[in-house]
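The values are calculated or read from the model by the stated rules, or taken from the named source; none is laboratory data. Note that the structure is a prediction, hence the values are computed from the model and not measured. Glycine gets a Cβ as well: all are built from the backbone with ideal geometry, and neighbour counts include every protein chain shown.
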Amino acid sequence: MRVLRLTLLVLTMAAVAVAAPIALKSLSPPGLRLGAALSTAQVEGGDARSLSIATDQFNSITPENLLKWSNVHPEPARFDFSPADRFVEIGERHKMFVVGHTLVWHQQTPAWVFASADGPRADRATLLSRMREHILTVAGRYRGRIHGWDVVNEALEEDGTLRRTPWLEAIGEDYIAKAFEFAREADPQAELYYNDYNLWKPAKRDGAIRIVNDLRSRGLRVDAIGEQGHWGVGEPSLEQIDDTLRDIPARAGVKVMLTEVDIDVLPRDPAMWGADLAKKATIRAATNIYPDRLPDEQQQQLARRYADIFRLVLEHRSQVSRVTFWGVTDAQSWLNDFPIPGRVNYPLLWDREGRPKPAFDAVGEVLKGRR
Ligand code: G3I
């Protein structure tokens, strides 16, 4: 009886070992980190299943929201570090490369940051001092524990000119240099990044390269440019992704990273951005085309898309330091609510129940060098 029980135990363990999906992080070539963005719910224990997928599969984490200014520093003299502390502890417990997102952005920044006592816009000196205090307090608290920071996020318009944000308007063009200077002061060891989306568009990419060359000519530390990688199944083209991965390191002299990867499988129509609520409801119904499940054909298309992207990443591996997915399972993705809320999207490698999708297998196969 005892022998039988033991045999059964061994067989069960063997079956579990066979069934357990291989960890992507174990397939990644040296120097290429693989990461995922964690939601506040995951960090605070509200979604244990997807958190354990993340810690099993990845060797880097980025907080999806909890280190944004409005989350961590909602009022002038009030910081809320408790979710961020949990986040960093998770990274340490699992020996992960911990990324901070983000220090200076025009979104998710409370109105008080930009306001003066008697009007909507603070002057240069006030804003610089608020920026410095914020960066020294937040990046300083995690000195040596957060290993890389998105210092400035989304500072560019689509044509590559600087975005007219309150930062730019109140401080001037050197607000970016100041942010990098303060980040270096807060943690001289941390890697520092410029992060933006649509850098596959040549004009916008030129803008990012210009920013980084300017920072470097001032003697400031910059380790990489992050292309977020919020892409579709057909756009950008593989050639445009290839150009991005080649061009950034060649012309900016820093590594390139894909920092917020997800692949939108739903139709995007410019009309979706309209403000007409009746029209919006109609568009939502008409474009929420997979409300119950992603059909096999689209599932395979998504898998091929991810395989193609990872093949390019591997081709450029000496210059690509990290690929981070913007979430773990499809349930978590912001694309369920963007560009219009309430659709069912399928952009990531795990489905809503935490099961690996064909896209997961496809990425694993490419990393194994089999396809
Ligand atoms: O936490 C509140 C909750 O209390 C409230 O009930 C709920 C009602 O809407 O809102 C919750 O906050 C939302 C938050 O996500 C957490 O879910 C905000 O409204 C919503 O605006 C916020 O969206 C985030 C967005 O950035 C804006 O900060 C997305 O989750 C996040 O994925 C997205 O991430 C950005 C990157 O930081 C930068 N690059 C683009 C990327 C995608 O937009």
Residue in region 23-31 that is touching a residue at least 24 places away in the same chain (Cβ under 8 Å), among the basic types (K, R) and more than 11 Å from the ligand (Cβ to nearest atom) present:
yes
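Using the structure shown, decide if K255 is more than 16 Å from the ligand (Cβ to nearest atom) and surrounded by 15 or more Cβ atoms within 10 Å (Cβ to Cβ).
Numbers: more than 16 Å from the ligand (Cβ to nearest atom): yes; surrounded by 15 or more Cβ atoms within 10 Å (Cβ to Cβ): yes.
Here the answer is yes, as K255 does meet what is asked.
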Does I248 count as in contact with a strand residue (DSSP E or B) (Cβ under 6 Å, 6 or more places away or on another chain), away from the ligand (no atom under 16 Å from the Cβ) and outside any strand (DSSP E or B)?
yes
Counted residues in region 110-136 being aliphatic (A, V, I, L, M), closer than 24 Å to L67 by Cα and in a loop (DSSP other than H, G, I, E, B) come to 2
Is there a residue in region 144-156 that is modelled with pLDDT of 95 or more, among the aromatic types (F, W, Y) and more than 16 Å from the ligand (Cβ to nearest atom)?
no
For W273, state whether it is in contact with a Pro (Cβ under 7 Å, 6 or more places away or on another chain), within 16 Å of the ligand (Cβ to nearest atom) and at pLDDT below 95.
yes
Scan of region 52-82 for residues that are aliphatic (A, V, I, L, M), away from the ligand (no atom under 16 Å from the Cβ) and either within 24 Å of L349 (Cα to Cα) or touching a residue at least 12 places away in the same chain (Cβ under 8 Å) (or both), ordered by number
I53
Quick check on region 292-314. Is at least one of its residues within 19 Å of E154 (Cβ to Cβ) and either at pLDDT below 95 or not charged (D, E, K, R) (or both)?
no
With the checklist (1) exposed (fewer than 14 other Cβ atoms within 10 Å of the Cβ); (2) farther than 26 Å from A208 by Cα in hand, flag the one item T137 doesn't pass.
(1)
Unmet criterion (only one of (1) in a helix (DSSP H, G or I); (2) away from the ligand (no atom under 16 Å from the Cβ); (3) closer than 20 Å to T259 by Cα) for A331
(2)
Of these, R130, R121, R163, R86, which one is at pLDDT 95 or above and away from the ligand (no atom under 16 Å from the Cβ)?
R130
Being farther than 21 Å from M257 by Cα, out of contact with any helix residue (DSSP H, G or I) (no Cβ under 7 Å at 6 or more places or on another chain), away from the ligand (no atom under 12 Å from the Cβ) and outside any loop (DSSP other than H, G, I, E, B) is the filter here; which residues of region 34-51 pass it?
A48, R49
Looking at (1) among the polar types (S, T, N, Q); (2) more than 15 Å from the ligand (Cβ to nearest atom); (3) outside any loop (DSSP other than H, G, I, E, B), which one does N195 not meet, given that it meets all the others?
(2)
